[in-house]
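Take a look at the structure below.
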Amino acid sequence: MTTGPTGAKCQVALAASSSTIGSEGGPGTVVVTTSPECPWDVSSSVTWLSGLSPVSGQGTGTVEFRAAANPLPAVREGEIVVNGNRLRVSQQAQSCRFELRPGNLTIDAGGGVEEIAVSTASSCSWTVATDVSWMSFTTPVARSGEGVVGVRIAANQGAEPRVGAVTVGDQRVIVTQAAEAVGSPSCVYVVTSTSPPVLASDAAQVSASVTAAGGCAWTATSSVPWIAVTAGASGTGNGAVALSVAANPGSVRTGTIIVAGQIFTVTQAAAAVPCTYAISPATASIAAPGGTGTTAVAAGTGCSWTATSNAAWLTVTAGASGAGNGSVAFSAAANAGSARTGTITVASRTFAVTQAAAATPCSYAINPATAAYTALGGNGTVAVATGTGCAWTTTSNAAWITVTTGASGSGNGAAGFSVAVNLGSARTGTITVAGQTFSVTQAAVLAPCTYAISPTSVSRNGRAGTGTVVVSTGADCAWTAASNTSWITVTTGASGQGGGTVGFAVSANPSRQDRIGTVTIAGRTFTVTQR
């Protein structure tokens, strides 16, 4: 018979690398904590949590997963299930994004009505606005979801082209309108620039060259306040225009400059958001026998970080790397010397761990160090010798050896164990007692044995007394006898081989009620009824 670990022993604890996932999705981890011999399986209740690896395991381990980007403007939740235990995972809502078509409009001096299509999620609200007085709207200016914006553009009666913008959400459509009067057809202007198509968010200087015939006049004007014409605001023939672009404190932006009637566009990247990090707590105290702990990491979405131990006795067990909010788990080895302090660098912050000194060095000895059993198995004890206050534990390393007493102790003591019946070949297993190895050897089963006892039961009066039971079996068949009741004692024949006799003693019954007890002899039950 094989008996696995109990359900209560194999409870699992789950911890995620981050309680909330950003809307852009990405990788994540779940730490599964349970006993070394306990198996587990992992699955997900939603399709947007995928890439579970591994999908099964045993003992403490880490499961990796990947979250898809959230296309919805609302928070969504899913679960990762390990052996029926559910870990809830939340993902941030997708921020409202807007797409405008066309991206730019060019219209002649006569003006007219143009349409701009707006694409966004149905739950996203938006308003439409313009930065110039010569444009107005033929449709409502406050809407939600997809729609069409009607733009009425007045006629341009000036001698210069003009530029305005229509803004929906965080997007803009640049509207360029030609001038009413056209300059001398003999004047042709060419505007060129060696600046990159997208400038960095820092302040910058941009230059443009104007190529034109002598006598052909031109001007340069900016349509946005963050671009200033610092040189070449006007000129004749060939010339140059110098522009000063201010640092960008926000999102990506585009501005236009009219140079010699040509549209010159400047796009500037969004300001880089500095990543800030914090850990809590920043310190931990561990006892001399060692232990584990965690610290939480607070960081902005997309801000990556790592955790590295700076001491050999400190090990990062989970959260060696991450992005955004998360946590780092560590373990400290037992301290056999004086008090010590080590550090772990977490997200560029210092996490300090102080460990107490070992109170007194403990040494352990066990007696005996080995035991041999027949195929029938049996029970045994191991004595532990150590100093006062020195703690120890006993664990079996083989499924057929069970620790019955002394699973833990302090100072001198003993551990009890039982060896199951062997139905196969010879085998050897070990028990770890106070850090020492106790070896158990069990012989193979030789042949099927049958057993019979006589008598199988007896009735006694209330006084103390003795009796015997005859065991019948093959010459090579071993057997044992053990009382299952405190008031019945096996006096002789606690073990034997072949036929034999078991002697027992019954103590007096001090109560006014009949009682029944049993003795297990050669796998059979001998029943004693006492008045």
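The values are calculated or read from the model by the stated rules, or taken from the named source; none is laboratory data. Just so you know, these numbers come straight off a predicted model, no measurement behind them. Neighbour counts run over all protein chains shown; Cβ positions are idealised from the backbone, glycine included. Side chains are part of the model used for accessible areas, which takes the heavy atoms of the whole protein and leaves out ligands, DNA and RNA. Shrake-Rupley method; radii C 1.70, N 1.55, O 1.52, S 1.80 Å.
Of the conditions (1) small (Gly, Ala, Ser); (2) surrounded by 15 or more Cβ atoms within 10 Å (Cβ to Cβ); (3) under 60 Å from the mean Cα position of the chain (by Cα), Ser486 satisfies every one except a single condition; which number is it? Unmet condition: (2).
Here's the yes/no breakdown for (1) surrounded by 15 or more Cβ atoms within 10 Å (Cβ to Cβ); (2) of a type in the set (S, T, N, Q):
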site: Ala369; (1), (2): no, no
site: Gly377; (1), (2): yes, no
site: Thr388; (1), (2): no, yes
site: Ser396; (1), (2): yes, yes
site: Gly409; (1), (2): yes, no
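Restricting attention to the stretch 144-170, the residues being open to solvent by 70 Å² or more (accessible area, probe 1.4 Å) and either at pLDDT 85 or above or in contact with a His (Cβ under 9 Å, 6 or more places away or on another chain) (or both) number 2.
Taking each residue of the stretch 98-109 that is closer than 22 Å to Pro161 by Cα and looking for partners that are open to solvent by 40 Å² or more (accessible area, probe 1.4 Å) with beta-carbon atoms closer than 6 Å, six or more apart or interchain, yields Leu105/Glu114; Asp108/Ala178; Ala109/Ala178; Ala109/Glu180. Give the stretch 22-50 a look and list any residue that's open to solvent by 60 Å² or more (accessible area, probe 1.4 Å), among the β-branched types (Val, Ile, Thr) and in a loop (DSSP other than H, G, I, E, B), or say none. If the condition is that a residue be open to solvent by 60 Å² or more (accessible area, probe 1.4 Å), among the β-branched types (Val, Ile, Thr) and in a loop (DSSP other than H, G, I, E, B), then Thr47 is the only one that fits. In the set (1) among the aliphatic types (A, V, I, L, M); (2) free of Cβ contacts under 8 Å to residues at least 24 places away in the same chain; (3) touching a Pro at 6+ places or on another chain (Cβ under 8 Å), the condition left unmet by Ala339 is number (3).
Being assigned to a loop (DSSP other than H, G, I, E, B), farther than 27 Å from Thr167 by Cβ, modelled with pLDDT under 90 and under 34 Å from the mean Cα position of the chain (by Cα) is a condition met by no residue of the stretch 228-246. The single residue among Ser19, Ser53 that is open to solvent by 40 Å² or more (accessible area, probe 1.4 Å), within 13 Å of the chain's Cα centre (by Cα) and modelled with pLDDT under 85 turns out to be Ser19. Picking from residues in the stretch 342-360 that are assigned to a strand (DSSP E or B) and closer than 27 Å to Gly387 by Cβ, the one that is least open to solvent (accessible area, probe 1.4 Å) is Gln355.
In this structure, does Ala407 turn out to be more than 40 Å from the chain's Cα centre (by Cα) and of a type outside the set (Val, Ile, Thr)?
Numbers: more than 40 Å from the chain's Cα centre (by Cα): no; of a type outside the set (Val, Ile, Thr): yes.
No.
Please state which of the following conditions Gln513 fails to meet, knowing it meets all the rest: (1) within 30 Å of Ala372 (Cβ to Cβ); (2) surrounded by fewer than 12 Cβ atoms within 10 Å (Cβ to Cβ); (3) not aliphatic (A, V, I, L, M). In the conditions (1) within 30 Å of Ala372 (Cβ to Cβ); (2) surrounded by fewer than 12 Cβ atoms within 10 Å (Cβ to Cβ); (3) not aliphatic (A, V, I, L, M), Gln513 misses (1) alone.
Would you mind finding the one in Ser90, Ser95, Ser123 that is open to solvent by 60 Å² or more (accessible area, probe 1.4 Å) and either part of a strand (DSSP E or B) or touching a Gly at 6+ places or on another chain (Cβ under 8 Å) (or both)? Result: Ser123 is the single residue among Ser90, Ser95, Ser123 that is open to solvent by 60 Å² or more (accessible area, probe 1.4 Å) and either part of a strand (DSSP E or B) or touching a Gly at 6+ places or on another chain (Cβ under 8 Å) (or both). Search the stretch 180-199 for residues that are aliphatic (A, V, I, L, M) and part of a strand (DSSP E or B) and pair each with any residue that is at pLDDT 60 or above and open to solvent by 60 Å² or more (accessible area, probe 1.4 Å) when their beta-carbon atoms are under 6 Å apart and the residues are at least 6 apart or on different chains. Qualifying pairs under 6 Å: Val190/Thr211; Val191/Gln262.
Within the set Val403, Val384, the sole residue that is in contact with a Phe, Trp or Tyr (Cβ under 8 Å, 6 or more places away or on another chain), within 30 Å of Thr520 (Cα to Cα) and free of Cβ contacts under 8 Å to residues at least 40 places away in the same chain turns out to be Val403. So is Gly232 surrounded by 15 or more Cβ atoms within 10 Å (Cβ to Cβ) and at positive phi or not? So Gly232 passes the test.
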